[in-house]
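Comments concern the structure below.
The values are calculated or read from the model by the stated rules, or taken from the named source; none is laboratory data. It should be emphasised that the depicted structure is a prediction, and the values quoted were computed from it without experimental measurement. Every residue, glycine among them, receives a Cβ derived from its backbone with ideal geometry; neighbour counts consider all protein chains shown. Ligands, DNA and RNA are stripped out before the accessible areas are found, and what is left, the full protein with its side chains, is counted by its heavy atoms. Shrake-Rupley method; radii C 1.70, N 1.55, O 1.52, S 1.80 Å.
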Amino acid sequence: MASPLDQFVIKPIIPLGKIGASEIAFTNASLFMMLVVGAIGLFFMAATSQRALVPGRMQAFAEMLYEFVANTLKSAAGKEGMQFFPLVFSLFLFVLTANFMGMIPGAFTVTSHIIVTFALAMLVFLTVIGVGFAKHGTHFLGLFVPGGAPGWLVPFLVVIEVISFLSRPISLSMRLFANMLAGHIALKVFAGFVVSLGALGVGGILGATLPLGMIVALTALEFLVAFLQAYVFTILTCVYLNDALHPGH
Amino acid sequence: MATPQKTGTEVPGGGNAGPGFPPFKTETFASQLLWLAIFFGLLYWLVSKVFAPRLTEVIEGRASRIARDLEEAAAAKVKAEEAGAAYEKSLAEAKAKAQAIAQARRDEVNKASEARRKSLESDLATRLAAAEAQIADTKTKAMANVEGIAADAASAIVQRLGGTAPSRGDLDAALKAALKA
């Protein structure tokens, strides 16, 4: 029987060559990245083509997504935060669509690979550092010095702040990756139970209803997690970007 | 993990992926990063150049349109209130004017009827006086006639009783005394 990990295996579709030990190929992961971006692109192309004063269904949904992300960004990073809107909106749409597309049976979940989530988290992290230094110069380092602490405590606090700052891309990427990975593994494990119990005859089929019920419940939970993790990724991105804009504590 | 080996403890993955935990297979990282950069870059370009500007335009256009409409409505309301106040004012003025006209007319009519009543009264008074004078006149005339008739009657009675007619002077004196009584 197929292993619960099979769904995460990367299979080349069009091999393109090798760089050292790394194989460069258009893989199933690449295909789903393309489908994710294609779906977002097609939807927004159609939804924003009319630019109607009174929106239709698609435009209303696109506007709802826009305002949801814009409000999240404004409440976390203020009005100046809107300069990062394209980045935050792209991240939200990409993660949300990848998570939901992964819920289609047989589909590949792009965000279940640590390298993908880590790359997205590093993009945020480097943007924060780059913008922080570009905007505030060395004042950006004030981020690591909490105000109002007694003098002898400052070195310890700076060490703690630096460690917490550096662990941000790791926690940001691990949270998304682990949630998607664990959810999909749990679904496949319970699905495996259904199949192996079902093979045992009438009693087994009756027993298999239990894991089947679990799958139904877990699927509902996974839809919630798919949205929630995209939202968490987005809101943390907004909070980190706020540090780049307002490094003072 | 860079060298795929079948250890036997792990379930083999599908295809040419080899054993191991797929998300930690470092040899797939370069390819993943390349395609992620390509597709996420494309998405970022689409969002920043096409979708976000379009949505901003629509939403801000709508907000400004609503603000403008609200402003227009407020201005129209002020205008309507002004018109209402002007109407109230002209209505009050017209009412006052109408009342003044009615009062003047009423006074005029009162005066005219008063004058007519007065002339009528004086006319009646003169007529009454004339009538009274005529009555008095007629009465004296009648009285004179009564004296004449009484004298004739008395003379006739005395002649019947006495056989002789009294003298004119006696008769008159007797009559005067009787009438006075």
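What to note about this one:
- One residue from A:I13, A:I24, A:I40 being within 7 Å of chain B (Cβ to nearest Cβ), in a strand (DSSP E or B) and either out of contact with any Lys or Arg (no Cβ under 9 Å at 6 or more places or on another chain) or closer than 20 Å to A:I115 by Cβ (or both): A:I24
- So A:L221, is it under 21 Å from A:F118 (Cα atoms), open to solvent by 30 Å² or more (accessible area, probe 1.4 Å) and modelled with pLDDT of 90 or more: no
- Residue within the stretch A:200-215 that is under 18 Å from A:F92 (Cα atoms), of a type in the set (A, V, I, L, M, F, W, C) and open to solvent by 60 Å² or more (accessible area, probe 1.4 Å) present: no
- Output for the stretch B:169-181, where each listed residue is open to solvent by 60 Å² or more (accessible area, probe 1.4 Å) and more than 16 Å from B:A144 (Cα to Cα): B:D170, B:A181
- In the stretch A:43-64, the residues that are of a type outside the set (S, T, Y) and either surrounded by 17 or more Cβ atoms within 10 Å (Cβ to Cβ) or facing another protein chain (nearest Cβ under 7 Å) (or both): A:F43, A:F44, A:A47, A:R51, A:L53, A:P55, A:Q59, A:A62, A:E63
- When the criteria are applied in full, A:S112 fails the requirement of being open to solvent by less than 30 Å² (accessible area, probe 1.4 Å), free of Cβ contacts under 8 Å to residues at least 40 places away in the same chain and within 7 Å of another protein chain (Cβ to nearest Cβ).
- Consider the stretch A:123-149 and keep the residues that are among the aliphatic types (A, V, I, L, M) and open to solvent by less than 50 Å² (accessible area, probe 1.4 Å). The one that is modelled with the lowest pLDDT is A:A149.
- Single residue of B:R54, B:R68 found to be within 30 Å of A:M58 (Cβ to Cβ), among the basic types (K, R) and at pLDDT 95 or above: B:R68
- Only listed residue being open to solvent by 100 Å² or more (accessible area, probe 1.4 Å), part of a helix (DSSP H, G or I) and not acidic (D, E), chosen from B:I38, B:I135, B:I66, B:I59: B:I135
- Only listed residue being within 30 Å of A:L157 (Cα to Cα) and part of a helix (DSSP H, G or I), chosen from A:L228, A:L197, A:L218, A:L241: A:L241
- Residue in the stretch A:122-163 that is farthest from A:V95 (Cα to Cα), counting only those that are touching a residue at least 60 places away in the same chain (Cβ under 8 Å) and within 14 Å of chain B (Cβ to nearest Cβ): A:T127
- Here the stretch A:27-37 is the region considered, the condition is being at the interface with chain B (Cβ under 7 Å from one of its Cβ atoms) and part of a helix (DSSP H, G or I), and the residue that is most open to solvent (accessible area, probe 1.4 Å) is A:M34.
- Number of the condition not met by B:A52 [criteria: (1) more than 11 Å from every other protein chain (Cβ to nearest Cβ); (2) of a type outside the set (S, T, Y); (3) in contact with a Pro (Cβ under 7 Å, 6 or more places away or on another chain)]: (1)
- Among the residues of the stretch A:143-166, those that are over 28 Å from the mean Cα position of the chain (by Cα) and part of a helix (DSSP H, G or I) comprise A:G151, A:W152, A:L153, A:V154, A:P155, A:F156, A:L157, A:V158, A:V159.
- Selection status of B:T28, over 30 Å from A:V54 (Cβ atoms), at pLDDT below 95 and among the β-branched types (V, I, T): yes
- Among the conditions (1) open to solvent by 20 Å² or more (accessible area, probe 1.4 Å); (2) of a type outside the set (A, V, I, L, M); (3) more than 7 Å from chain B (Cβ to nearest Cβ), the only one that A:P86 does not satisfy is (3).
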